[in-house]
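**Q** Starting off with a structure, shown below.
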Amino acid sequence: MPFVSIGALLALAGVAAGAFGAHALRERLEPAQLQVFETAVRYQLVHALALLFTGAHAAAAPRAGARLAGALFVAGVVLFSGSLYALVFTGVRAWGAVTPLGGLCFMAGWLSLAVAHWPVRRP
């Protein structure tokens, strides 16, 4: 998977969403809804950077764990940030039940990345 490209596109979309939230949504959303939107943007941007790192290192030293981490980061953004965006824009509270699954993907991705890059001593 082209993690660097996906990370760059998610960062682009995150910056655009952040600007949209700061300028177009500030007067239209309740403060609690705006905070949820900003949380979605923040996690999207952080994990876009994680994808850039993962993609750059996976190209230099391909490891299955790094590829898994990248896939989990993508899934996390879709599930975590996507569900929060859906919650804000639709008002359907059931989307909140999806958010923790995205959080689990993020945590599993970070663990997978750590394991993939853990130094191994060879005899």
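**Q** With labels modelled as points extended 7 Å from the Cα through the Cβ direction, what inter-label distance (nm, one decimal) is found for A64 paired with Q33?
**A** Modelled inter-label distance: 4.6 nm.
**Q** Considering amide H positions built from the backbone, and no H for Pro or chain starts, which residues 5 or more places from R63, or on another chain, come under 5 Å of its amide H?
**A** Those qualifying (amide H under 5 Å, at least 5 residues apart or on another chain) number zero.
**Q** Here is a further query. Give, rounded to the nearest 20 debye, the magnitude of the charge dipole that the chain has about its Cα centre when Lys and Arg contribute +1 at Cβ and Asp and Glu contribute -1 at Cβ.
**A** Result for the chain is approximately 460 debye, rounded to the nearest 20.
**Q** Would you work out which of V4, A114, A22 lies farthest towards the positive end of the dipole of the chain, given +1 charges on the beta-carbon of Lys and Arg and -1 on that of Asp and Glu, about the Cα centre?
**A** A114
**Q** For volume of the Cα convex hull per residue in Å³, which listed value, [x] 91; [y] 116; [z] 185, comes from the coordinates shown?
**A** The value matching this structure is [x].
**Q** Here's something else I'd like to know. Taking the beta-carbon count within 10 Å as an exposure proxy, list T90, T54 from fewest neighbours to most.
**A** With the sparsest Cβ surroundings first, the list reads T90, T54.
**Q** What FRET efficiency comes out for R121 versus L49 if R0 is 22 angstrom and r is the Cβ-Cβ distance? Round to the nearest 0.05.
**A** So, using R0 = 22 Å, E works out to roughly 0.15.
**Q** Per DSSP H run of n ≥ 4, the term is -39500 (n - 2.57); total these for the chain, divide by its residue number, and report the mean residue ellipticity at 222 nm rounded to 500 deg cm²/dmol.
**A** Computed mean residue ellipticity for the chain: -24000 deg cm²/dmol.
**Q** Of the trypsin sites (Lys or Arg not before Pro) in region 58-123, which ones lie in a loop per DSSP and count no more than 14 other C-beta atoms within 10 Å?
**A** R121
**Q** Would you be so kind as to identify all helices of the chain, as entire DSSP H runs, whose Cα atoms reach 30 Å or more along the helix's own axis and whose mean Kyte-Doolittle hydropathy is at least -0.5?
**A** 31-60
**Q** Moving on. So for the pair A94, R26, with labels modelled 7 Å out along Cα→Cβ, what separation do we get in nm?
**A** That separation, rounded to one decimal, is 3.5 nm.
**Q** Now for a different question. Between M1 and A114, what is 0.36 nm times their sequence separation minus the Cα-Cα distance? Round to one decimal in nm.
**A** Value of the extension gain: 38.8 nm.
Every read-out reported here was derived from the displayed coordinates using simple, explicitly stated rules and does not represent laboratory data. Note that this is a predicted model, so its numbers are computed, not measured. Ideal geometry is used to build each Cβ from the backbone, glycine not excepted, and the neighbour counts take in all protein chains shown.
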